[in-house]
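Scroll down for the structure; my scribbles are underneath it.
The values are calculated or read from the model by the stated rules, or taken from the named source; none is laboratory data. These numbers were taken from a predicted model, which means no experiment stands behind them. Cβ placement follows ideal geometry from the backbone for every residue including glycine, while neighbour counts extend to all protein chains displayed. For the accessible areas, the whole protein counts, side chains as well, though only heavy atoms, and no ligand, DNA or RNA atoms are used. Shrake-Rupley method; radii C 1.70, N 1.55, O 1.52, S 1.80 Å.
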Amino acid sequence: MVDERATALAERARAATVCLLFQNQGGTRSGSGSGVLVSNENGKARILTCGHLAREAGRRCRAVLPDGRLLDGEVMASVMQDGIDLALVECDAGDAELPTLAIAAQAPRVGDWVMVLGHPRGLWTSDASAEEVVDAELDASVGSAPPRWDTRRNAPLFEEDAASIASRLRPPIVRTGRIWDEPGAGTGVRFDAPIDAGDSGGPVIDLDGRVIAIASRCGWKSHWNWACSLMALEGDAGRLLDPSIAWPANASEPGAGSGSPQAPERSRDHEDFLADLRSTATLAIGRSVATVESEGGPRCFAIAVAPGGAFATKGSEAGFTEPIELVAGGRRSTARRIAYDADADLLLLQADGLDLLPMPLPTAVAPLQPASLLLSVGPDGDVLAIGGVSLEPFRAEEVDARPFLGVSSRARDDGAAVLRSITPGTPAARAGLRAGDAVRSVEGVELSQGSVLADRIALLRAGDRMRLEFERDGERRSTEAILARRAPSMRSRDRGNTRVAVSAVLPYRTIVFAHDGSIEPHECGSPVIDLAGRPVGVNLARFDRTSTWAMPIDEFARSVRALLLEPPADPARFDAFADTGFVATEASGRVRLAAEDARTIGERDLRRAIGELRAIDGSGVGLHQDDRLAWDLQLERPGRFEV
């Protein structure tokens, strides 16, 4: 199993893992993925990635290093056939010293632990002004403020000012898992470390820090992931890095992205493997965990946090209106809702007669390091999942906080962005833009084939004013739009490249860390411990197919202590947090929800939902409803709202 070498190894491997941004003819950016530096000689840095990302030799690209340095290069060779999915990129490095990883000389073995690194869901950068706007109290509680990473704030990294924009990058994400199969003639391996879109081309490394494979494809289940083994090229580093030598292709790749939904025997998620991890330490923690049940079924888990029957759980999963019970050791107790932390989605309950021991809540802990293995623990000490820390603690509210204009567009030959459609009620609509308008410049910068509208928007933040010049009916005009915050997706299977069940409600203004222990949404509220048995966090949300979000144990302790100090709440107040369907009319009320500002939920969405349900469990379902309108409301702060 991964040991204390892992964190040092992850740090070294991260430094050599790059984000690759590729160019189409004409200079426009098209696609991004991951790669790994494997040599740096005579002013040339060579990067391995996957063939389906690089496409063909001669394609221009830019490599973004974790420290913000940028390297220009091109694809020297690319193969995607007969089981091989590899490419070689060569960049101009000059006299720069660059970190590299060695290529393994031996094939990986089934059962080996590996790390997989990459940039899932694209390149993220942080806001340079974050320290000026962070909450002072939150800042003081963590010593130095964690980064505030914005999803897909992809600057136009093919422009001259790229270095000034790429100086604050989210590090490559680290995932930990096992090789459970090596089908074919050494061309690939199946592994269970979760990966997603953007991870293609990232390195799969062994515990000696050597590259054994390149991530190629991911599936709905983590154990469906596929990587192209470097043994497909005979494991000869000299041969591999010489673009003048033809790369052989001599085997067929088994279909990736599909397979049995059951975890294979050698997978880290197999029930027998997890059962073997049950120990004295997990039993001790499990004595603090109860199951939350409502309407006859389990909803999530709750943790005893104080003597006398105080429990903390995930509010949105437990529910706010229907009766709930806590179950532990064969006993049941009807729970009362006491207080709610909307920022963390933590609900404080009171349940008598279960006699569970409160979990220790330390006020200060050592910071978690990437690749540290953690166990998610359920009642009776059962291990729900094992996974490694993927990323240092960060601010939950800044993920998926992309600036939003509300248009779809296509690039004209001269670089202007011709607006195809305007979403009603968005900043674009309020600024007076119409379909057919051709945006020529943003903030005084003319759009061109190398500077598209989406890139210019990505440089700004929600709330920023953006000045646009556009053409309409042959006349050049200007307008100003105030960018909005893109509403996070609330569809339960929407985040990531391949859909999995995720939590609809995420923690907001709090600190979280990501780990790749794949729990289900109904397993939220469970404690997370390290391999020494110490509690290090509490699972708050399954974020996407690659990560679970957990609240660090000291942050959890602070929230729980604040809730315990609140006076008992009026039960009626929890109605404000319930999911509610409503019909808005123009006849009454202070706010008019106009039909043109709504989006339609109709037959197409229902058919898609039916297809997903059939895909999951193989059964057919029938859903019937009329078209409905939905309004996305952006609320500045939690509170009670009447409609």
**Message:** Which condition from (1) surrounded by fewer than 18 Cβ atoms within 10 Å (Cβ to Cβ); (2) at pLDDT below 90 is the one that PHE22 breaks?
**Reply:** (1)
**Request:** Mind listing just one residue for me: the one in segment 404-418 that is in contact with a Lys or Arg (Cβ under 7 Å, 6 or more places away or on another chain) and part of a strand (DSSP E or B) and, of those, modelled with the highest pLDDT?
**Result:** VAL418
**Asked** Would you pick out the residues in segment 181-214 that are open to solvent by 20 Å² or more (accessible area, probe 1.4 Å) and in contact with a Phe, Trp or Tyr (Cβ under 7 Å, 6 or more places away or on another chain)?
**Response** ARG190, LEU207
**Asked** Do you know which residues across segment 37-80 are under 28 Å from the mean Cα position of the chain (by Cα) and outside any strand (DSSP E or B)?
**Response** CYS50, GLY51, HIS52, LEU53, ALA54, ARG55, LEU65, PRO66, ASP67, GLY68, ARG69
**Prompt:** Where residues in segment 304-330 are among the charged types (D, E, K, R) and modelled with pLDDT under 95, which of them is nearest to ALA541 (Cα to Cα)?
**Reply:** GLU317
**Message:** Suppose the filter is under 17 Å from MET551 (Cβ atoms) and out of contact with any Ser or Thr (no Cβ under 7 Å at 6 or more places or on another chain); does ILE285 pass it?
**Reply:** yes
**Prompt:** If you go through segment 110-118 one residue at a time, do you hit one that is closer than 26 Å to ARG178 by Cβ, in a strand (DSSP E or B), open to solvent by less than 60 Å² (accessible area, probe 1.4 Å) and among the acidic types (Asp, Glu)?
**Reply:** no
**Test result for VAL89, in a strand (DSSP E or B) and modelled with pLDDT of 90 or more** = yes
**Asked** Any residue at all in segment 270-277 that is touching a Phe, Trp or Tyr at 6+ places or on another chain (Cβ under 9 Å) and at pLDDT 95 or above?
**Response** no
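For (1) assigned to a helix (DSSP H, G or I); (2) open to solvent by 10 Å² or more (accessible area, probe 1.4 Å); (3) in contact with a helix residue (DSSP H, G or I) (Cβ under 8 Å, 6 or more places away or on another chain); (4) under 14 Å from ILE386 (Cβ atoms), each residue gets a yes or a no:
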residue	(1), (2), (3), (4)
GLY517	no, no, no, yes
ILE529	no, no, yes, yes
LEU540	no, no, no, no
ALA557	yes, no, no, no
PHE574	yes, no, no, no
**Prompt:** Can you tell me how many residues in segment 50-67 are over 16 Å from LEU37 (Cβ atoms), open to solvent by 20 Å² or more (accessible area, probe 1.4 Å) and either in contact with a Cys (Cβ under 9 Å, 6 or more places away or on another chain) or of a type in the set (Asp, Glu) (or both)?
**Reply:** 1
**Asked** Which residue pairs have Cβ atoms closer than 6 Å, lie 6 or more positions apart in sequence or on different chains, and pair a first residue in segment 345-364 that is closer than 13 Å to PHE574 by Cβ and open to solvent by less than 40 Å² (accessible area, probe 1.4 Å) with a second residue that is modelled with pLDDT of 90 or more and in a loop (DSSP other than H, G, I, E, B)?
**Response** LEU349/ALA335
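This table checks each residue for (1) at pLDDT 85 or above; (2) closer than 27 Å to ALA458 by Cβ; (3) surrounded by 19 or more Cβ atoms within 10 Å (Cβ to Cβ).
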| site | (1), (2), (3) |
| --- | --- |
| ARG499 | no, yes, no |
| TYR508 | no, yes, no |
| VAL512 | yes, yes, yes |
| GLY537 | yes, no, yes |
